[in-house]
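> Following this message is one structure expressed as structure tokens.
The values are calculated or read from the model by the stated rules, or taken from the named source; none is laboratory data. Quick caveat: nothing in here was measured; it's all calculated off a predicted structure. Every residue, glycine among them, receives a Cβ derived from its backbone with ideal geometry; neighbour counts consider all protein chains shown. Just the protein is used for accessible areas: all its heavy atoms, side chains included, with ligands, DNA and RNA removed. Shrake-Rupley method; radii C 1.70, N 1.55, O 1.52, S 1.80 Å.
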Amino acid sequence: MYGLGIIKGLGVTLKHFFMTYWDDLKRLVKGNRYYTREGVAYRMSSEVNGLFTIQYPEEKLIVPEEFRYTPFLVYDEKEDGGKELRCTSCGICAKVCPPQCIWIVRTMDPNTGRPIPVPAEFYIDIDICMNCGLCAEFCPFDAIKMDHNFELSVYNRHEKDIVNKETLAKPASYYASIRPVNYAREQAARAEAESARAARKAQS
Ligand code: SF4
Ligand code: SF4
């Protein structure tokens with residue numbers, strides 16, 4: 001019969017319309033359909049009924065661990081409250097960056113004129129960054145990682161989107177919170193390398 005497909009389609013739409021309210025009522029008891037992480041996870045799942053809309057910006061999609069946006073610099077938090085950037089200003093990330101949007105200035109020892117392994121300046125033009133993650137892949141010190149922050153709109157890109165070292169720096173605990181599996185794997189590798197070094201030292 002002509003028009004049967006249209007009627008079926010309208011039926012599906014109508015079902016979604018009513019199921020939205022039914023699902024709202026069912027989850028009203030639990031109180032976690034909206035504005036909670038559980039609610040967003042539920043509406044991203046295959047079990048959801050009715051509308052799937054995320055109420056952005058009050059709610060945000062839960063991104064997977066491997067999601068990557070722009071890079072940030074990792075620092076370790078010291079016991080005395082200090083921050084120690086892992087970056088040694090080796091420049092590898094700047095060399096491998098395909099669109100060349102990383103700019104590093106090394107710190108120079110004023111007495112010897114030799115470089116110190118700490119960046120004096122570190123900038124990334126995040127408008128040019130293509131989010132490829134190569135900088136993070138190639139960094140030998142786990143000092144630069146890809147962030148999950150996708151809300152970066154600004155009114156003045158020349159002031160805000162060329163990001164300096166201070167703004168790029170985030171603690172290792174933040175890295176652990178967004179990429180727990182990667183962090184745990186890297187910590188295990190570090191501990192292994194450390195014990196191998198200690199064993200070599202003990203033998204010599
Ligand atoms: S972030 Fe890593 S690769 Fe880039 S300069 Fe620092 S230590 Fe080298
Ligand atoms: S993610 Fe890619 S484009 Fe962006 S700074 Fe790193 S290497 Fe460059």
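> Go through PHE72, PHE18 and list them by solvent-accessible area, largest first, probe radius 1.4 Å.
PHE18, PHE72
> Can you give the accessible area of ASP23 in Å² (nearest 10), computed on protein heavy atoms with a 1.4 Å probe?
For ASP23, solvent-accessible area is about 0 Å².
> I've got another one for you. Output the relative contact order of the range 71-203, whole-number percent, from Cα pairs under 8 angstrom with separation of 6+ residues.
Rounded, it is 28 percent for the range 71-203.
> Suppose accessible area is computed on protein heavy atoms with a 1.4 Å probe; arrange ARG185, ARG179 from highest to lowest.
Most to least solvent-accessible, the answer reads ARG185, ARG179.
> Return P(r) of the range 1-60 (all Cα-Cα pairs; 10 Å bins starting at 0; whole %; ordered from short to long distances).
Calculated P(r), rounded to whole percents: 22, 44, 21, 11, 2.
> Can you work out the Karplus-derived ³J(HN,Hα) for every residue in the range 140-149? Use 6.51 cos²θ - 1.76 cosθ + 1.60 with θ = phi - 60°, whole Hz, and x for glycine or proline.
Calculated HN-Hα couplings, in order: x, 10, 6, 9, 10, 9, 8, 8, 9, 6 Hz.
> Put LYS170, LYS78, LYS30, LYS145 in order of accessible area, largest first, 1.4 Å probe: what do you get?
Largest accessible area first, the list is LYS30, LYS78, LYS170, LYS145.
> What pairs from LYS83/LYS160; LYS95/LYS145; LYS83/LYS201 go past 18 Å between their alpha carbons?
Going by Cα-Cα distance, LYS83/LYS160; LYS83/LYS201 fall outside the 18 Å limit.
> Continuing with the same structure: With contacts defined as alpha carbon pairs under 8 Å and 6 or more residues apart, what's the relative contact order of the range 1-60 in percent?
34 percent
> So, with +1 on the Cβ of K and R and -1 on the Cβ of D and E, and no other charges, what is the size of the charge dipole of the chain about its Cα centre, to the nearest 20 debye?
480 debye
> Turning to a different aspect of this structure: Not counting ligands, DNA or RNA, and with a 1.4 Å probe, what is TYR183's accessible surface area in Å² rounded to the nearest 10?
My reading of the accessible area for TYR183 is about 60 Å².
> Quick one: Debye curve from the C-alpha atoms of the range 71-203, no solvent, what's log10 I(q)/I(0) at q = 0.14 Å⁻¹?
Normalising to I(0) and taking log10 leaves -0.72.
> On to the next question. Taking a probe of 1.4 angstrom, what is the accessible area of TRP103 in Å², to the nearest 10?
Accessible surface of TRP103 is approximately 140 Å².
> Once you place label points 7 Å from the Cα toward the Cβ at ASN164 and GLN187, how far apart are they in nm?
Here the modelled spin labels are 3.2 nm apart.
> If you line up the long axis of helix 4-28 against the longest principal axis of the chain, both from Cα atoms, how many degrees apart are they, to the nearest 10?
Once rounded, the angle reads 70 degrees.
> What is the set of long-range amide H partners of PHE122 at a cut-off below 5 Å, with H atoms built 1.01 Å from backbone N?
Answer set, sorted by chain and number: VAL105, LYS165.
> Given the rule -39500 (n - 2.57) for each run of at least 4 DSSP H residues, summed and divided by the residues of the chain, what is its mean residue ellipticity at 222 nm, to the nearest 500 deg cm²/dmol?
The helix-only estimate for the chain comes to -11500 deg cm²/dmol at 222 nm.
> Can you classify the range 1-148 as rounded, prolate or oblate using the Cα gyration tensor, where a ≥ b ≥ c are the square roots of its eigenvalues, rounded means a/c under 1.5, and otherwise it's prolate if a/b beats b/c and oblate if not?
Because a/c hits 1.5 or more and a/b exceeds b/c, the range 1-148 counts as prolate.
> While we're looking at this one, here's another question. Per residue of the range 110-115, what does 6.51 cos²θ - 1.76 cosθ + 1.60 with θ = phi - 60° give for ³J(HN,Hα)? Whole Hz please, x for Gly and Pro, Karplus curve as stated.
x, 7, 9, x, 9, x
> Now for a different question. Taking a cut-off of 17 Å, what percent of all Cα-Cα pairs in the range 160-204 are separated by more than that?
56 percent
> Here's another thing I want to ask about it. Expressed in nm to one decimal, what extension gain is obtained for the pair GLU84 and MET19 from 0.36 nm per residue of sequence separation less their Cα-Cα distance?
18.1 nm is the gain from fully extending GLU84 to MET19.
> Which residues' amide hydrogens lie under 5 Å from the amide hydrogen of ASP147, considering only partners 5 or more residues apart or on another chain, with H built in the peptide plane?
The answer is TYR69, THR70, PHE72.
> So which GluC sites (Glu not before Pro) in the range 52-110 are both in a DSSP loop and have at most 13 other Cβ atoms within 10 Å of their Cβ?
Of the GluC sites (Glu not before Pro), the ones in loops of the range 52-110 whose Cβ has at most 13 other Cβ atoms within 10 Å are GLU58, GLU65, GLU66, GLU79.
> Also, I was wondering about something else. Give me the 1.4 Å probe accessible area per residue for the range 50-204, excluding ligands and nucleic acids, in Å².
Dividing the accessible area of the range 50-204 by its residue count gives 64 Å².
> Roughly to the nearest percent, how much of the accessible area of the range 71-203 is carbon and sulfur, given a 1.4 Å probe?
54 percent
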